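Here the structure comes first, spelled out in structure tokens, and everything after it is commentary.
The values are calculated or read from the model by the stated rules, or taken from the named source; none is laboratory data. For clarity, every value in this text was computed on a predicted model and none was experimentally measured. Here the Cβ is made from the backbone with ideal geometry for all residues, glycine too, and neighbour counts use every protein chain on show. Accessible surface is based on the protein model in full, side chains and every heavy atom, while ligands, DNA and RNA are left aside. Shrake-Rupley method; radii C 1.70, N 1.55, O 1.52, S 1.80 Å.
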Amino acid sequence: MQAADILLFALRLASALILLGALAAVLWFLWRDLQGVAAPASPRPANLGRLEVLAQLDGDLHGTGTGFDLRPVTRIGRGLVNTVQIDDTFVSSDHALLTLRDGRWWLEDQNSRNGTVLNGLPISQPTLVTDGDIIEIGSRAFRLDLAH
């Protein structure tokens, strides 16, 4: 009977070690995840450019000195959640989207009621934009400044 007692003790010890190992592994994964969440956020990427607000003077468009910094996904519209919020009744809540994809900027109308105009032409599908392009949304005009 003594051999059976030793075998039972060895099995209990082995199962306790396995449980402790599993618990240690779970705690290690939780600690690693917590360190990832607690790590400081990476700094904002370098300046991606700006949308410069334009005003019409003497029939020509001129910069006003104000603008909006671009983000990799820049939402434009009347709604409060937009990166570029425009207080204009001709602007839809979610009017247009400027996105950076593979190092190139794309402008997309979000099925707005009054459309989005790029360099004097309405767009109906995602369109590649470049530095200096003029974007018109509602009664507002913006110059895309990617060299800023």
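Hey, what's the Cα Rg ratio for the chain versus the globular rule of thumb, 2.2 N^0.38 Å?
Details: Rg = 28.8 Å, N = 148, 2.2 N^0.38 = 14.7 Å.
Here the answer is 1.96, to two decimals.
When averaged across all projection directions, what area in nm² does the alpha-carbon convex hull of the stretch 90-136 cover? List each step's numbers first, then the result.
Details: hull surface 12.9 nm².
With every direction weighted equally, the projected area is 3.2 nm².
What number comes out for accessible area per residue over the chain if the probe is 1.4 Å? Units Å², please.
69
Within 10 Å, count the other beta carbons around each residue, average over each peptide in 134-146, 65-77, and list them highest first. All intermediate terms of the calculation are to be shown ahead of the outcome.
Numbers: 134-146: 19.2, 65-77: 17.1.
In decreasing order of mean packing, 134-146, 65-77 become 134-146, 65-77.
With r as the distance between the Cβ atoms of THR127 and ASP94 and R0 = 25 Å, compute the FRET efficiency 1/(1 + (r/R0)^6) and round to 0.05.
Here the calculated transfer efficiency is 0.90.
Would you calculate a helix-derived [θ] at 222 nm for the chain, using -39,500 (n - 2.57) for each DSSP H run of n ≥ 4 and dividing by the full residue count, to the nearest 500?
So the calculated ellipticity at 222 nm is -9000 deg cm²/dmol.
Let's see if you can work this out: charge +1 on each Lys and Arg Cβ, -1 on each Asp and Glu Cβ, no other charges. What is the dipole magnitude of the chain about its Cα centre, in debye to the nearest 20? Mind showing how you got there, number by number?
Working: 12 positive and 16 negative charges, 130 e Å.
The dipole magnitude comes to about 620 debye.
Quote the charge dipole size of the stretch 62-148 about the Cα centre in Debye, to the nearest 20; the model charges only the Cβ of Lys and Arg (+1) and of Asp and Glu (-1).
120
Would you work out if the stretch 60-123 is rounded, prolate or oblate? Take a ≥ b ≥ c from the square roots of the eigenvalues of the alpha-carbon gyration tensor; rounded if a/c is under 1.5, else prolate when a/b is larger than b/c, oblate otherwise.
Verdict is rounded for the stretch 60-123.
Tally up the carbon and sulfur contribution to the accessible surface of the chain as a whole percent, 1.4 Å probe, everything protein left in place.
C and S fraction of accessible area: 60 percent.
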